[in-house]
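Participant: Attaching a single structure in structure tokens format; questions to follow.
The values are calculated or read from the model by the stated rules, or taken from the named source; none is laboratory data. Please read these numbers as outputs of a predicted model, since none were measured by experiment. Positions of Cβ are generated from backbone atoms using ideal geometry, with glycine treated the same way; all protein chains shown enter the neighbour counts.
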Amino acid sequence: MKKSTATVSVSVTEQLCLSLLHKCKTLKTVKQVHAITCKTGLDTDRIVAGKLLLHCAVSISDALDYARRLFHHFPDPDVFMYNTIIRGFAESDTPRNSLVAFVEMRRRACVLDSFSFAFVLKGAANYGYLRGGVQLHCDAMRHGLNTHLFVATTLVSVYSECGCVSSARKVFEEMSEPNVVAWNAVLTACFRCGDVKGSEEMFDRMPIRNLTSWNVMLAGYIKAVELELAKEVFLEMPVKDDVSWSTMIAGFAQNGCFDEAFGFFRKLLWVGMRPNEVSLTGVLSACAQAGAFEFGKILQGFLEKAGFLWMISVNNALMDTYCKCGNVGMARLVFERMPENKSIVSWTTMIAGLAMHGNGEEAIQLFHDMEASGIRPDGITFISILYACSHAGLIEQGCKYFSKMKDVYGIEPVIEHYGCMVDLYGRAGKLQKAYDFVCQMPISPTAIIWRTLLGACSIHGNVKLGEKVKERLSELEPSDSGDHVLLSNIYAIAGKWKDVATVRRSMTDQKIKKTPGWSMIEVDKIMYAFVAGGKQDKITQEAYEKLREIISKLRIEGGYVPEVGSVLHDIEEEEKEDSVSRHSEKLALAFGMARLCEGSVIRIVKNLRVCRDCHAVMKLISRVYRLEILVRDRSRFHSFRDGSCSCRDYW
DNA sequence: GTAGGGTTAG
């Protein structure tokens, strides 16, 4: 009698612990439940210990290390516990550990089941360890588990993640009764390896399709930049869920089709669908790239009202939008008002935002705040902080962080970090130092590295080094139009018109076309795009008319003389003037001045770097017209006020 | 008591 009461009371406690555990969202609360299990002796109960382990290893973030300790503490882990720890490691940033645990499991002669193989295969894929994956495949065969539906499906995706589409398809073709999930896996496998035709064939062959199959097609076409085909599938699919909509919004935004991304978002609301994290970050990303500030503000209002601001990722995307739309102050407000659990992305976004606006000191302060708050910076954080240093001319600080990254945090620099260092020295005019740095890099410099240095040669007018660097670039990417333009600019600034002509000729001979410059401006929440010397529509006419009026006022009141150094052609002076006067950023600016009401800040986004003459014109306009102009170019922000620019003529 | 396929911000 006494014994049975005890059994009942243990099972009640067990139930209680399990239900408590289910509610735990943080490591702290899980630890409290763990303490209860220890006190009640339930810590040796397989079911409770297993669930505790599962919760730490899979459900809660940053609790994997605790899971590892729990696992090692248990004297005789069973197959469930092994599977759980393998799964936890497989999905972590140390997937190699899942293979270690698997080997240990085999050594201890624990029974392997389909779960063990499915999880450890995922670990091998995430570790990028194809050979290990193949070994595990053989091992699964020995256990007769390779044809198990779940294991085989995992094998299909593992092989495709490793780029082996033929192996993936082979595993699939050998499956006796593939279900819709297996079919979807093989569709994804074909797309992942760039085999669009293969996916289409598979899709036609499928005996049944559910919603996910259609979504796979959408995502696949978008990845292959077959946007029209994606649209066709989207129209054709019988049912659309939030993933379908988010795929379209994020996909079109990623491919620079902002208008369409906005359009899909509006339509999503129109059909009564509730946006999710992905569609929201997608539409915000479109705003960020397009520089659509007013639309961004409207979205923030919507996010507040509809209760989306508890999502960290949405806040991060909103911050990025404000930074890229030129309002770093509003980004900072979002950052300060964010929920407690800011992520590494939140900190890095804010640091990068301050950096692109030239607020180097503030970015450095924030980096220290981040360290103090216990968040460990990663490689991308260091790219942002190095970028902050180079754009604010903080050379010593930049060098300090470059060393700190390696010495304190053990992060090995990658090509982007080296690029920042070249920019740091190059922008500051330490061109020889930058060149020596490139020559001493432990990894071979890419075209981007040399291009950074060529840009610096152009800023500082160093013809000799510029020529040397261009030679390196010609070996790596001989037909890049930007490089030719940069070299031509270097010659033009030095007045070497003959050399300019040679560059121009070589461009014509090699059929290299200059990337057309475009600029965008937002007026009444509509984005208007202008192209240099573009078609003569009504909008462009209006911009030209206003521009002529502005230039003549600048000549009289501002003493404006056009700077034609950056004109590629050795043409007559008058023609050169005409050529710079057609630059897209000037047209966008003139249009903004014609349309926007007085006192508004003019925000322009340009795809290339601002030219010297446009930069000078904007400085003058900001003084003569008492206007604030904000330009985002390919490299940074320029904030023009009272005749000067925040970049201190340094870009 | 655990899985496999589709969308995400720096």
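Participant: Taking A:Ile521 as meeting all but one of (1) outside any helix (DSSP H, G or I); (2) at pLDDT 90 or above; (3) over 24 Å from A:Leu630 (Cβ atoms), write down the number of the exception.
Facilitator: A:Ile521 satisfies all of (1) outside any helix (DSSP H, G or I); (2) at pLDDT 90 or above; (3) over 24 Å from A:Leu630 (Cβ atoms) except (3).
Participant: Within the range A:200-222, work out how many residues are surrounded by 17 or more Cβ atoms within 10 Å (Cβ to Cβ), in contact (Cβ under 8 Å) with a residue 24 or more places away in the chain and either more than 7 Å from DNA strand B (Cβ to nearest atom) or of a type in the set (A, V, I, L, M) (or both).
Facilitator: Summing the residues that are surrounded by 17 or more Cβ atoms within 10 Å (Cβ to Cβ), in contact (Cβ under 8 Å) with a residue 24 or more places away in the chain and either more than 7 Å from DNA strand B (Cβ to nearest atom) or of a type in the set (A, V, I, L, M) (or both) in the range A:200-222 gives 9.
Participant: Within 16 Å of DNA strand B (Cβ to nearest atom), among the small types (Gly, Ala, Ser) and either touching a residue at least 40 places away in the same chain (Cβ under 8 Å) or crowded, with 23+ Cβ neighbours inside 10 Å (or both), is that true of A:Ala286?
Facilitator: Yes; evaluated as a whole, the condition is true for this residue.
Participant: So in the range A:72-97, with the set limited to residues that are assigned to a helix (DSSP H, G or I) and within 20 Å of A:Thr26 (Cβ to Cβ), which one is farthest from DNA strand B (Cβ to nearest atom)?
Facilitator: A:Gly88
Participant: Here is a follow-up. If you take the residues of the range A:517-527 that are touching a helix residue (DSSP H, G or I) at 6+ places or on another chain (Cβ under 6 Å) and not small (Gly, Ala, Ser), which of them is surrounded by the fewest Cβ atoms within 10 Å (Cβ to Cβ)?
Facilitator: Taking the candidates together, the pick is A:Lys525.
Participant: Give me a count of the residues in the range A:361-376 that are modelled with pLDDT of 95 or more, surrounded by 15 or more Cβ atoms within 10 Å (Cβ to Cβ) and not acidic (Asp, Glu).
Facilitator: Residues flagged as modelled with pLDDT of 95 or more, surrounded by 15 or more Cβ atoms within 10 Å (Cβ to Cβ) and not acidic (Asp, Glu) within the range A:361-376 amount to 5.
Participant: Still on this structure: Looking at this structure, is A:Leu269 without any contact (Cβ under 8 Å) to a residue 12 or more places away in the chain and either assigned to a helix (DSSP H, G or I) or hydrophobic (A, V, I, L, M, F, W, C) (or both)?
Facilitator: yes
Participant: Next question. Count, please, the residues in the range A:6-42 that happen to be farther than 20 Å from A:Gly88 by Cα and not hydrophobic (A, V, I, L, M, F, W, C).
Facilitator: The total comes to 12.
Participant: For the range A:107-117, state whether one or more residues are within 17 Å of A:Leu27 (Cβ to Cβ) and surrounded by fewer than 16 Cβ atoms within 10 Å (Cβ to Cβ).
Facilitator: Looking through the range A:107-117, none of the residues is within 17 Å of A:Leu27 (Cβ to Cβ) and surrounded by fewer than 16 Cβ atoms within 10 Å (Cβ to Cβ).
Participant: A follow-up question, please. How do the helices (runs of 4 or more DSSP H) wholly within the range A:284-379 filter down when requiring 1 or more residues that are touching a His at 6+ places or on another chain (Cβ under 7 Å): which remain?
Facilitator: Because the criterion is at least 1 residues that are touching a His at 6+ places or on another chain (Cβ under 7 Å), the helices (runs of 4 or more DSSP H) in the range A:284-379 that meet it are A:328-337, A:344-356, A:360-372.
Participant: Sticking with this structure for a sec: Considering the range A:21-48 alone, what residues qualify as being within 16 Å of DNA strand B (Cβ to nearest atom), part of a helix (DSSP H, G or I) and surrounded by 14 or more Cβ atoms within 10 Å (Cβ to Cβ)?
Facilitator: A:Leu21, A:Val30, A:Val33, A:His34, A:Thr37, A:Leu42, A:Asp43, A:Val48
Participant: So which residues in the range A:143-184 are of a type in the set (Ser, Thr, Tyr) and surrounded by fewer than 19 Cβ atoms within 10 Å (Cβ to Cβ)?
Facilitator: A:Thr147, A:Ser166, A:Ser176, listed by residue number.
Participant: Further question on the same structure: Please specify each residue of the range A:549-564 satisfying the condition of being more than 13 Å from A:Asp613 (Cβ to Cβ), of a type in the set (A, V, I, L, M) and within 43 Å of the chain's Cα centre (by Cα).
Facilitator: The answer is A:Ile550, and nothing else.
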